[in-house]
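Step one of this worksheet: look at the structure below.
The values are calculated or read from the model by the stated rules, or taken from the named source; none is laboratory data. Being a predicted model, the structure only gives us computed values, none of them experimental. For neighbour counting, all protein chains shown are included, and Cβ atoms are generated from backbone atoms with ideal geometry for every residue, glycine included. The area values use the complete protein model at the heavy-atom level, side chains included, leaving out ligands, DNA and RNA. Shrake-Rupley method; radii C 1.70, N 1.55, O 1.52, S 1.80 Å.
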Amino acid sequence: MTAPLIYLLAGEVSGDLLGGRLMAALREQTGDNIRFAGVGGTLMQAQGLHSLFPMEELSLMGIAEVLPHLPNLLRRLKETEADLRAQAPAALVTIDAPSFTLRISQRVADLGMPRLHYVAPQVWAWREGRARKLARKTDRLLTLLPFEPPYFTRYGLPADYVGHPVIEGGAGQGDGAGFRARHGIAADAPVLIVLPGSRRGEVGRLAAVFGATVAALVRRFPTLRIVVPTVAPVASLVQQAVGAWPGQPILVTGGAEKFDAFAAGTAALAASGTVALELALADLPMVIAYRLNGLTWQLARRLVKVPYASLVNLILDRPCVPELLQEACTPDRLAQTLGGLLMPSSEAAAEQRDGFIQLREKLGVGRELPSARAAQIILETIR
């Protein structure tokens, strides 16, 4: 029997990660009796995808970045549509990057194959009308968060919660003792993990505030050690920012070293983002902070409908972790809140950890992996 062909489209690094894990799960569940085509990055190519063109051509953000590349993007749209029609796959799986992937999905609706979209747009935060539009562009939706499906099923779009990829990242499997030994940190010394963001704008707005917070905490906790995990695109900027911080800051890169740092940590100060889920899976109490420029903040306050910034609080639907945003994001407020988490036998830290138990249950930690569940739904759909 001819192996079914799955056509996958990803346009960003995060989508390539999802796609790579999904392809591995599809291969496992079919006994490798499956074929792939489409567009993806290095992780998807490692699973057997011959990308139609380099995925990096689609990894553009903002009008200023997109406009110079618009002719090439339009050409890639036509090439991808033509390739899809020629390949006639058993299913089309589009992964995030909706400005490109969903345009393709809508263009090939006449082919009659199942079209699945992986990663729901955050209509629960703003522009809920996008849910109705999405129902016209795909046939089935795979969501990362447990509260997302009802936003789409009300418009007739079947939506399945498969789980967040953070579950598969290893955030709760770090070696804290090994990290302390490698970096000369005493077993009883408090450790603050500081994460000022993964984008240059975030680091630029938060580094000085975080530095002043660290200085205040080191005065209060003289043995406090500071660890700053970062990523390659902002590593030099972060290194420059933390150079003058007290607490002998340790700069680390790479997922394994980051998760070892989490396991060694006492508490964390983090820019709002997916890292909050990683910290929760690592059972590390945290304070979430963020600053936007003034105009963007005023606009966000009018458009965003949800009461929380952190995914931890959104999933639990209550304020489990403190959020100090915009005017509240000051060194005094941050240091005061973090000080409570750094105290021995901290009640505030214990309360957060109780919430993390509930979060892990809601995320399905210990049950079927998100990529395996997504693969199962895709195979059920094409059967």
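With +1 on each Lys and Arg Cβ and -1 on each Asp and Glu Cβ, how big is the dipole of the chain about its Cα centre, in debye rounded to the nearest 20? Before the final figure, lay out the partial values.
Values: 39 positive and 34 negative charges, 201 e Å.
With Lys and Arg at +1 and Asp and Glu at -1, about 960 debye.
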Worksheet item: Which angle from 0 to 90°, rounded to the nearest 10, does the C-alpha axis of helix 200-220 make with the longest principal axis of the chain?
Response: 30
Worksheet item: Roughly speaking, what is the centre-to-centre gap between region 97-115 and region 149-190 when only Cα atoms are used, to the nearest Å?
Response: 31
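Would you mind checking Lys258/Lys362; Lys133/Lys258; Lys78/Lys258; Lys133/Lys362 for any pair whose Cα atoms are more than 31 angstrom apart?
Values: Lys258/Lys362 24 Å; Lys133/Lys258 39 Å; Lys78/Lys258 41 Å; Lys133/Lys362 28 Å.
Pairs exceeding 31 Å: Lys133/Lys258; Lys78/Lys258.
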Fill in: Sum of -39500 (n - 2.57) over DSSP H runs of 4+, divided by residues of the chain (222 nm, nearest 500)
-13500 deg cm²/dmol
Discussion item. Can you divide the C-alpha Rg of the chain by 2.2 N^0.38 Å and report the result to two decimal places?
Written reply: 1.05
Item to complete: Take every DSSP beta bridge whose two residues both sit in the chain, then give the antiparallel share in percent to the nearest 5.
Response: 0
Item to complete: Name the residue, out of Glu368, Glu327, Glu148, whose mean-square fluctuation peaks in a Gaussian network model built on the chain with Cα pairs under 10 Å.
Response: Glu327
Discussion item. Per residue, how large is the accessible surface of the chain? Use a 1.4 angstrom probe and give square angstrom.
Written reply: 45
Practice prompt. Find how much the distance from Glu81 to Ile377 grows on full extension, using 0.36 nm per residue of separation minus their present alpha carbon separation; answer in nm with one decimal.
Written response: 104.1 nm
Worksheet item: Which percent of the accessible heavy-atom area of region 187-325 goes to carbon and sulfur, probe 1.4 angstrom?
Response: 55
Practice prompt. Report, ordered by chain and residue number, the aspartates and glutamates lying within cross-link reach of Lys137, taken as a straight Cα distance under 16 Å and ignoring same-chain residues fewer than 8 apart.
Written response: Glu81, Asp96, Asp110, Glu128
